[in-house]
Protein chains: 2
Amino acid sequence: MKVFYQGEPGCFSHIAAQKVFPNAEKKGVSSFEAVVKRVLSEKNSIGILPMENTLIGKISSNYDLLLKYSVNVVREIIIRVRFYLMTLPEVEPDKIKQVWSHPAALEQCKNYISKKGYEPVAIYDTAGGAKLLRERGTKNVAILADKSVAERYKLKIIDREIEDNDNNYTRFFVISNGKKRLKKGEKIKTSIVFGVKNVPGILFKCLSVFALRNINLCSIESRPIHGKPWEYLFFIDFEGDIKEERCKMAIEGLKEIVNFIKILGTYGSLEE
Amino acid sequence: MKVFYQGEPGCFSHIAAQKVFPNAEKKGVSSFEAVVKRVLSEKNSIGILPMENTLIGKISSNYDLLLKYSVNVVREIIIRVRFYLMTLPEVEPDKIKQVWSHPAALEQCKNYISKKGYEPVAIYDTAGGAKLLRERGTKNVAILADKSVAERYKLKIIDREIEDNDNNYTRFFVISNGKKRLKKGEKIKTSIVFGVKNVPGILFKCLSVFALRNINLCSIESRPIHGKPWEYLFFIDFEGDIKEERCKMAIEGLKEIVNFIKILGTYGSLEE
């Protein structure tokens, strides 16, 4: 089996892949959309997409990819994100002027960076920063990444767990061409997206199909559809298996109310 | 009056400021948190915060700032985002190798960039890219920004409106130390945030206070509170003035259900 993720080895998507599929071949690609396209075009492959981070919120464009393409969510992984500051081995910490990392990583460590007076420089990937640093040999630069990156790229760790908030988690979806769930017996969740006309009470009606059956919601987000100012998309995750009778009935009820609905997947959740 | 925004003159926050306060003094600062802090510390000042973009979704960390600090939302502005590709005047278009812009701008033009075979390079601000390009005099680089940036930094426009989707809007909040709304007679909205224990049906109960009064919701987002795995925050925008009787009653009803609630503001909406 082949696992696609966006980024360089050592980035957090790669770490999530490592956690669930320690023995599978892993391949970094250049964008989230490329992850989805490779999963669709290559047999026996799966993909890893970050969906939400505690500090920066939902990654809505990845929800949009799930709406656009015919892939299924088959697993959820929640990992603790810890940032380490590292440089080339010969660099003295007091010589650091810039910090390179992914914009989301810089955002998550911004208090630390501003206290130290470093200049934050956004690049495409946390581990990609390490690769770039090695290639260029820049002396007055530190990067922010997972600690495994230090060993992989032979860098020196200067400071550890420097994120502003120590409750920093990222939630990933494992996506697949098929519907086969990857493990049984865990807490099962289902993700759906549906579209409605925006009239008063419509969301209340939609949620009634879950509330009446004591189905617990885990996440909800509205997205306006621009160009269609009175239509909205809702992305909802709930606890339960789409094959359970009460979940089936809830979806049937929802179909009576909404303009369209797509089941993104039913999957087990793995929390670190 | 002084208007604070994040970025350089010509960035989209600056354009939003220009639209609502053409004659006020405007000042760019380095972060969204700095915008909020300046609004709190300087008399007679207001701030501009981007809250949501059609293509990339909600900017959740700015909702978090509204939760953390005592500022009020006094106005909403929705502007159409159009990206222009520009270089130093002497550069031939076929010499372009890199495109510099804010990660969100690169994301919104990624099909175009990848078709042209350019290397995307993330920097902190769309208009800031123009400033950097001028300072460094780099020849094989184009930047992505609003068209007004070309004139401001004396750059040559190479291509226009290159965003992947032509329904690209960004929604900004105007924030203030006081509660005074900026204009009357427009469509009025109210933004709130509340926290609840995550038990089945809780959101349904919360939304009932709006549905029973025919109050229309415009936006909803759930945010997990990590470290407190069974508590959630909800950010909700609805149509109506907090001083209207039905809205007052809805909030009173909500207080019976939730753990805490904060009114972020009642404001008029201005759509381009």
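The values are calculated or read from the model by the stated rules, or taken from the named source; none is laboratory data. Computed from a predicted model, the values in this text were never measured in an experiment. So basically every Cβ, Gly included, is an ideal-geometry build from the backbone, and we count neighbours across all protein chains shown.
Things worth noting here:
- Enumeration of residues in the stretch A:206-228 that are touching a residue at least 24 places away in the same chain (Cβ under 8 Å) and in a strand (DSSP E or B): A:CYS218, A:SER219, A:GLU221, A:ARG223, A:ILE225
- Any hit, the stretch A:111-121, residues being surrounded by fewer than 22 Cβ atoms within 10 Å (Cβ to Cβ) and in contact with a Phe, Trp or Tyr (Cβ under 7 Å, 6 or more places away or on another chain): yes
- In this structure, B:ALA17 qualifies as surrounded by 23 or more Cβ atoms within 10 Å (Cβ to Cβ), part of a helix (DSSP H, G or I) and either touching a strand residue (DSSP E or B) at 6+ places or on another chain (Cβ under 9 Å) or at pLDDT 90 or above (or both).
- Any hit, the stretch B:201-212, residues being among the basic types (Lys, Arg), farther than 18 Å from A:VAL196 by Cα and more than 8 Å from chain A (Cβ to nearest Cβ): no
- Flag if B:TYR5 is in a helix (DSSP H, G or I), surrounded by 20 or more Cβ atoms within 10 Å (Cβ to Cβ) and aromatic (Phe, Trp, Tyr): no
- Going through (1) over 22 Å from the mean Cα position of the chain (by Cα); (2) under 28 Å from A:LYS37 (Cβ atoms) one by one, A:LYS116 falls short only on (2).
- Residue check, A:LEU254 more than 24 Å from the chain's Cα centre (by Cα), surrounded by 16 or more Cβ atoms within 10 Å (Cβ to Cβ) and within 30 Å of B:ILE59 (Cβ to Cβ): yes
- A:GLY178 vs. criteria under 25 Å from the mean Cα position of the chain (by Cα) and surrounded by fewer than 19 Cβ atoms within 10 Å (Cβ to Cβ): yes
- Scanning the stretch A:125-134 for residues that are free of Cβ contacts under 8 Å to residues at least 40 places away in the same chain and surrounded by 21 or more Cβ atoms within 10 Å (Cβ to Cβ) turns up just one, A:GLY129.
- When B:GLU256 is tested against (1) within 30 Å of B:SER114 (Cβ to Cβ); (2) away from chain A (no Cβ under 12 Å), just one condition goes unmet, and that condition is (1).
- Residue check for B:GLY10: at pLDDT below 95, not assigned by TED's automatic domain parsing to the domain that holds B:ALA150 and not acidic (Asp, Glu): yes
- Filter pass, A:GLU245 being at pLDDT 95 or above and acidic (Asp, Glu): yes
- Strands (runs of 3 or more DSSP E) wholly inside the stretch A:20-101 containing at least 1 residues that are within 14 Å of chain B (Cβ to nearest Cβ), of a type in the set (Val, Ile, Thr) and at negative phi: A:25-29, A:72-80, A:98-101
- The residues listed here are B:PHE238, B:PHE234; of these, the one that is within 9 Å of chain A (Cβ to nearest Cβ), surrounded by 16 or more Cβ atoms within 10 Å (Cβ to Cβ), among the hydrophobic types (A, V, I, L, M, F, W, C) and assigned to a strand (DSSP E or B) is B:PHE234.
- Hey, A:LEU217 within 17 Å of B:ASN216 (Cβ to Cβ) and outside the structural domain of A:LEU65 (by TED's automatic domain parsing) or not: no
- Candidate set from the stretch B:110-122 (those that are at pLDDT below 90 and in contact with a strand residue (DSSP E or B) (Cβ under 8 Å, 6 or more places away or on another chain)); member that is farthest from the other protein chains (Cβ to nearest Cβ): B:GLU119
- Residue count for the stretch B:43-58, restricted to those that are of a type in the set (A, V, I, L, M) and in contact with a strand residue (DSSP E or B) (Cβ under 8 Å, 6 or more places away or on another chain): 4.
- Residues in the stretch A:44-60 that are surrounded by fewer than 20 Cβ atoms within 10 Å (Cβ to Cβ) and modelled with pLDDT under 90: A:ILE56 only.
Rundown of residues vs (1) out of contact with any Cys (no Cβ under 6 Å at 6 or more places or on another chain); (2) modelled with pLDDT under 95; (3) not hydrophobic (A, V, I, L, M, F, W, C), yes/no style:
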| position | (1), (2), (3) |
| --- | --- |
| B:SER222 | yes, yes, yes |
| B:GLU252 | yes, no, yes |
| B:ILE263 | yes, no, no |
| B:GLU272 | yes, yes, yes |
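- Considering the conditions (1) within 14 Å of another protein chain (Cβ to nearest Cβ); (2) surrounded by fewer than 15 Cβ atoms within 10 Å (Cβ to Cβ), B:ARG160 is excluded by exactly one of them, (1).
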